[in-house]
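Here the structure comes first, spelled out in structure tokens, and everything after it is commentary.
The values are calculated or read from the model by the stated rules, or taken from the named source; none is laboratory data. Everything numeric here is computed off the predicted structure, so don't read it as measured data. Glycine also receives a Cβ, built like all others from the backbone with ideal geometry; neighbour counts cover every protein chain displayed.
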Amino acid sequence: MDPGQVESLLELARLLERWASRMNLTGHRTQENIVQGLILEAVALLQVLPTVASLADLGSGAGFPGLPIALLEPACAVTLVESRQKRHHFQRAAIRELEIGNVLPLRGRVEDLEPRPHAAVIAQALARPERVLPRMVRWADRGGLLVIPGGANPPNPPVIPEVRFESRLRYQVPGRRAERTAWIGRRAPI
């Protein structure tokens, strides 16, 4: 991570703090909480995932983990999908103010929008694993990666024919003792 990326991530935290003082975008209200609870979480997750050409962040809320991933991986085309208008507006403002050229924000429900397949799909807080995995498949390329982050206990989505389980990753967020996990699957290539 270079100094410019660090400054961009801090500017994202400052921007979210300003917006969060006026409207409910996230439970993290202070810049310190935003950095600890959202930005470092995204950074830690990114460190255990393979590099991909494109990523769809479904149910992205205020843009996490998608916006930090886009700032750290400028060659990755990131699509943020969020149904709530004020969170979508924040995403657009952040993209504009931080001049992030590799992000497309879409407003709508994942199941209602026409899917745009990506090399990887992540759903951090969209729905329970048993409901989210079938929704994710439509947004993944054939052979694409499916990622469901979780707490100390890894998510346990159902077995579905279109998805092959690959692994459960464990990782640590800097400055936090609690271990995090991610369920990793792959959409069938055919």
Residue pairs meeting the criteria (Cβ under 6 Å; at least 6 apart or on separate chains; first in contact (Cβ under 8 Å) with a residue 24 or more places away in the chain, in the range 39-50; second among the hydroxyl-bearing types (Ser, Thr, Tyr)): ALA44/TYR171; VAL48/TYR171
Would you check if ARG135 is among the charged types (D, E, K, R) and surrounded by 18 or more Cβ atoms within 10 Å (Cβ to Cβ)? yes
Given the residues VAL121, VAL132, which is the only one that is in contact (Cβ under 8 Å) with a residue 60 or more places away in the chain, in contact with a helix residue (DSSP H, G or I) (Cβ under 9 Å, 6 or more places away or on another chain) and aliphatic (A, V, I, L, M)? VAL121
Name the pairs whose Cβ atoms lie under 7 Å apart, with the first residue in the range 6-35 and of a type in the set (Phe, Trp, Tyr), the second modelled with pLDDT under 85, and 6 or more positions between them or separate chains? TRP19/LEU25
Report, ordered by the first and then the second residue, all pairs with beta carbons closer than 9 Å, sequence separation of six or more or different chains, a first member in the range 94-109 that is closer than 14 Å to GLU82 by Cα and surrounded by 17 or more Cβ atoms within 10 Å (Cβ to Cβ), and a second member that is at pLDDT 95 or above and of a type in the set (Asp, Glu). PRO105/GLU82; LEU106/GLU82
Answer with yes or no whether VAL132 is under 15 Å from the mean Cα position of the chain (by Cα), among the aliphatic types (A, V, I, L, M) and at pLDDT 95 or above. no
Does PRO74 count as out of contact with any strand residue (DSSP E or B) (no Cβ under 6 Å at 6 or more places or on another chain), farther than 24 Å from VAL137 by Cβ and buried (at least 24 other Cβ atoms within 10 Å of the Cβ)? no
Being of a type in the set (Gly, Ala, Ser) and buried (at least 19 other Cβ atoms within 10 Å of the Cβ) is the filter; apply it to the range 110-127 and report the residue that is farthest from GLU11 (Cα to Cα). ALA120
